[in-house]
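The values are calculated or read from the model by the stated rules, or taken from the named source; none is laboratory data. On a predicted model such as this, the values are computed, not experimentally measured, just so you know. Note: ideal-geometry Cβ built from the backbone for every residue, glycine included; neighbour counts use all protein chains shown. Accessible surface is based on the protein model in full, side chains and every heavy atom, while ligands, DNA and RNA are left aside. Shrake-Rupley method; radii C 1.70, N 1.55, O 1.52, S 1.80 Å.
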Amino acid sequence: MNYISTRDTGRSVSASVAILQGISEEGGLFVPEKLPSFTPKQIAALTGLSYIGRAGVILEKFLTDFSETQRRTAINAAYESGFEGDSPAELKKLPGGRYVLELQRGPTCAFKDMALQLLPGLMAHAAKNVGRGGETLILTATSGDTGKAALEGFRDAPGTKIMVFYPAEGVSAIQQLQMATQEGGNVGVCAVEGNFDTTQTGVKAIFTDKALAERLNKRGIYLSSANSINWGRLLPQIVYYFSAYADLLSLGEVELGERVNFAVPTGNFGNILAAYYAKEMGLPVGRLICASNQNDVLTEFIDTGRYNARRPFHLTLSPSMDILISSNLERLLFHLLGGDDKALSTLMTELIENGEYTVGAEVLSELRRSFFGGSCDDKRTMDTIKQVYEREGYLLDPHTAVAMAVADDYAAKTADSTKTVVVATASPYKFVEAVTEALTGVQEDDAFLALERLGALTGLPVPPPLSELKGKAVRFTQRVEKAAMPSAVESFIQ
Ligand SMILES: *Cc1c(COP(=O)(O)O)cnc(C)c1O
């Protein structure tokens, strides 16, 4: 199967090229030329397989230029160990009838591990498939979760180096420590003066610096990104929607063919887009509930068809969703426009030039057939954490709490009684200050004390990757201005 660019469907590349390149040269994103489809019988057959087996079945349809062995090696390396529990994606049923799909059991305690544990293996095989030798240098700007998950995924990966930049102001204490103590012989971490926008702009400038690229290429070093617009990050996410449905079937919670809704805490639109692909591939999905925090650009878009990024930017308790330009939405629009690359390009140009665009009535009604959008502020996020803990005995992180609150709004507004799975994206311990305050009303500024307190209060074990941070040596203290980022990269690869 080949992949085409959303902005120029004449460009068609193999899965290996799509994954290595990350983004198409003219700025478009790679999408599958044609989605594979699954019959109810094929979906039922997934119940007999482990998560690894299910991943094999899905990836086989998409990575057609990979060998069976390549796919199997990469999947095993990603999911065989490193995730706590019986499966990397575990389904829990709450007393009130909701389901929670737990995706936060990986080495960095956020759902990004689901993709970033697999991506390095896919990239290594892809480089072989296209006959590219040399070394890959992964550069990533992070607002917190992506950087750590990428570092952990790529650490000591052969033929690869990875450098992560994070805003000096703008990641949580735990997130900062997670990165500063990162182990591995091929990793670099650097703080940048300023906020996430500054950091991201700095990384983008490095990617478009032709002179730097030439110097690197001469030495056999190729720049690449672990950004969520890479097809290699989306694909692993499709698997867990199929897996969740198979688990519901196994548990006798749904009949084959019965639809379920998914509520997804959304930022860059990658996670929920994977759910949309699963639906288009034949998974019985009703509504996709797109949950936002106070940065509610997607809520307004799904309500009105107008995407307006010119609005105040809010720093919230769910920082991984503090986004005004949801990059992966481009892929959904391309599909809703019936694959019209010209129309899509026009919208994307409007977004760059005017900060907004509006879709036509037909696209809007298609959008609303599959999606419901809702948002939730910090106060309600805190209340939801407390209420769900007290009523259901289940502890949510702030991102997942946003999805839970919006799922409640959806049910109240529509009277839709379809069974609903809330997608959990982070361990509550990763955002321990906010979660502790939600439960107790008391602020605890020392993150390690807060971990202990929350553990004692709830009796839930602190995930080892977080409790073990305390004894770890800090390896990275470099802090630079944006202008010094390229030289930080060049000294890193010396
Ligand atoms: C990245 C992230 C999100 C948002 O996911 P998208 O795929 O960008 O929509 C939500 N919650 C957590 C904890 C995250 O790290």
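Among all residues of region 338-355, there is none that is surrounded by 21 or more Cβ atoms within 10 Å (Cβ to Cβ) and of a type in the set (K, R). With the requirement that a residue be open to solvent by 30 Å² or more (accessible area, probe 1.4 Å), over 21 Å from D145 (Cβ atoms) and not hydroxyl-bearing (S, T, Y), what does region 416-443 give you? D416, K419, G441, V442, Q443, listed by residue number. Apart from one condition, L364 fits all of (1) open to solvent by less than 10 Å² (accessible area, probe 1.4 Å); (2) more than 27 Å from A226 (Cβ to Cβ); (3) not polar (S, T, N, Q); the exception is (1).
Just need a number here: residues in region 171-205 that are surrounded by fewer than 22 Cβ atoms within 10 Å (Cβ to Cβ), modelled with pLDDT under 90 and touching a helix residue (DSSP H, G or I) at 6+ places or on another chain (Cβ under 6 Å). Of the residues in that region, 2 qualify.
Considering region 58-69, the residues that are buried (at least 20 other Cβ atoms within 10 Å of the Cβ) and of a type outside the set (V, I, T) include one that is nearest to A45 (Cα to Cα), namely L59.
Being more than 27 Å from the chain's Cα centre (by Cα) and open to solvent by less than 50 Å² (accessible area, probe 1.4 Å), is that true of even one residue in region 444-463?
To start, the set of residues in region 444-463 that are more than 27 Å from the chain's Cα centre (by Cα) comprises 444-446, 449, 452-453, 456-459.
Filter again for open to solvent by less than 50 Å² (accessible area, probe 1.4 Å), leaving 444, 458.
Yes, region 444-463 contains at least one residue that is more than 27 Å from the chain's Cα centre (by Cα) and open to solvent by less than 50 Å² (accessible area, probe 1.4 Å).
Before we move on, is T346 in a helix (DSSP H, G or I), β-branched (V, I, T) and over 24 Å from the mean Cα position of the chain (by Cα)?
So T346 fits the description; yes.
Exactly one residue among A44, A15 is open to solvent by less than 50 Å² (accessible area, probe 1.4 Å), in contact with a Ser or Thr (Cβ under 8 Å, 6 or more places away or on another chain) and either at pLDDT below 95 or not β-branched (V, I, T) (or both), and that residue is A15. Does L396 fit the bill of being surrounded by 18 or more Cβ atoms within 10 Å (Cβ to Cβ), farther than 14 Å from A291 by Cα and within 14 Å of the ligand (Cβ to nearest atom)? The answer is yes for L396.
Considering each of S320, S326 in turn, give the residue that is in contact with a helix residue (DSSP H, G or I) (Cβ under 7 Å, 6 or more places away or on another chain), within 13 Å of the ligand (Cβ to nearest atom) and assigned to a loop (DSSP other than H, G, I, E, B). Explain how you work it out, then say what you get.
Numbers: S320 fails: assigned to a loop (DSSP other than H, G, I, E, B).
The conditions single out S326.
Return yes or no: is L439 part of a loop (DSSP other than H, G, I, E, B) and on the phi < 0 side of the Ramachandran plot? Criteria not met by L439.
For every residue, the table says whether it meets (1) among the aliphatic types (A, V, I, L, M); (2) within 27 Å of N308 (Cβ to Cβ).
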| position | (1), (2) |
| --- | --- |
| L336 | yes, yes |
| T358 | no, yes |
| D377 | no, yes |
| Q387 | no, no |
| D408 | no, yes |
| V432 | yes, no |
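Checking the structure you have, find out if any residue of region 305-316 is open to solvent by less than 10 Å² (accessible area, probe 1.4 Å), over 25 Å from P167 (Cβ atoms) and within 13 Å of the ligand (Cβ to nearest atom). No; the residues of region 305-316 include none that is open to solvent by less than 10 Å² (accessible area, probe 1.4 Å), over 25 Å from P167 (Cβ atoms) and within 13 Å of the ligand (Cβ to nearest atom). Listed conditions (1) open to solvent by less than 70 Å² (accessible area, probe 1.4 Å); (2) within 23 Å of G194 (Cβ to Cβ) are all met by S467, apart from (2). Please count how many residues of region 113-161 are more than 19 Å from L223 (Cβ to Cβ), out of contact with any Leu (no Cβ under 9 Å at 6 or more places or on another chain) and either assigned to a loop (DSSP other than H, G, I, E, B) or modelled with pLDDT under 90 (or both). Residues meeting the conditions: 5.
Identify, from the list F301, F334, the residue that is part of a helix (DSSP H, G or I) and within 16 Å of the ligand (Cβ to nearest atom). Steps first, please.
On the way: F334 fails: within 16 Å of the ligand (Cβ to nearest atom).
Sole residue among the options that is part of a helix (DSSP H, G or I) and within 16 Å of the ligand (Cβ to nearest atom): F301.
If we scan region 217-225, do we find a residue that is more than 16 Å from the ligand (Cβ to nearest atom), part of a strand (DSSP E or B), farther than 27 Å from S143 by Cβ and of a type in the set (V, I, T)? Among the residues of region 217-225, not one is more than 16 Å from the ligand (Cβ to nearest atom), part of a strand (DSSP E or B), farther than 27 Å from S143 by Cβ and of a type in the set (V, I, T), which makes the answer no. In region 132-168, of all residues being closer than 23 Å to T425 by Cα and open to solvent by 10 Å² or more (accessible area, probe 1.4 Å), the one that is nearest to the ligand (Cβ to nearest atom) corresponds to T146. Taken as a whole, the structure places D378 among residues that are at pLDDT 95 or above and farther than 24 Å from A274 by Cα. Tell me, yes or no, whether region 102-111 has at least one residue that is in contact (Cβ under 8 Å) with a residue 24 or more places away in the chain, among the hydrophobic types (A, V, I, L, M, F, W, C), within 16 Å of the ligand (Cβ to nearest atom) and open to solvent by 20 Å² or more (accessible area, probe 1.4 Å). Looking for residues that are in contact (Cβ under 8 Å) with a residue 24 or more places away in the chain, among the hydrophobic types (A, V, I, L, M, F, W, C), within 16 Å of the ligand (Cβ to nearest atom) and open to solvent by 20 Å² or more (accessible area, probe 1.4 Å), one finds at least one in region 102-111, hence yes.
Do we find that L249 is within 16 Å of the ligand (Cβ to nearest atom), open to solvent by 20 Å² or more (accessible area, probe 1.4 Å), more than 24 Å from L29 (Cβ to Cβ) and not hydroxyl-bearing (S, T, Y) in this structure? Write out each step before concluding.
Details: within 16 Å of the ligand (Cβ to nearest atom): no; open to solvent by 20 Å² or more (accessible area, probe 1.4 Å): yes; more than 24 Å from L29 (Cβ to Cβ): yes; not hydroxyl-bearing (S, T, Y): yes.
Against the criterion (within 16 Å of the ligand (Cβ to nearest atom), open to solvent by 20 Å² or more (accessible area, probe 1.4 Å), more than 24 Å from L29 (Cβ to Cβ) and not hydroxyl-bearing (S, T, Y)), L249 does not qualify.
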